[in-house]
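A.B. asks: Quick one: the structure is below, and I'll ask about it shortly.
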Amino acid sequence: MGLGTCRSCGGPTSTGASPLCRPCWRIAPRLRRDLSERFWEKADRSGGVDACWPWLGFTDDGYGRFTPRKRESARAHRIAYQLAVGPIPPGLQIDHLCRNRACVNPAHMEVVTQAENVRRGMGGWNSVAKTHCPNGHPYDH
């Protein structure tokens, strides 16, 4: 990869991947692209507010992945929720109400417990109606 030109001072960047040279990166954080801007450009929001917003970036097991900082990766739907709604309470998870793992539309998400997320999950559809284990013992709910 060739060298790029610093957006701030016009000097060379070290790798060409960053719009800023190393000195400008350190002293001018306001020149860095906003995390929200970087995130939302990777979501297809063209379907409108009610549609799924598919993640256009890297996916892993169907879930979008986003790198907010170097060497730090997070699931894209969690970042979307935090940007649009706020922090996810400790011990809770995000449930995709639309059942589309790649969707990052915060309107399609709900904060739930792990137990509730499992009950609602695709694997749970077979288990929801079960009242007894294979040996005939009743499940305690």
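Every read-out reported here was derived from the displayed coordinates using simple, explicitly stated rules and does not represent laboratory data. Quantities reported herein were computed from a predicted structural model and do not represent experimental measurements. Every residue, glycine as well, gets a Cβ built from its backbone with ideal geometry; the counts of neighbours run over all protein chains shown.
A.B. asks: If you line up the Cα atoms of the range 34-125 on their principal axes, what length do they span on each, largest first, in Å?
C.D. replies: 37, 29, 24
A.B. asks: Can you give the local net charge around T13? Use residues other than it whose beta-carbon is closer than 11 angstrom to its beta-carbon, Lys and Arg +1, Asp and Glu -1. Numbers along the way, then the final one.
C.D. replies: Values: positive: R7, R22; negative: none.
With Lys, Arg at +1 and Asp, Glu at -1, the neighbours total +2.
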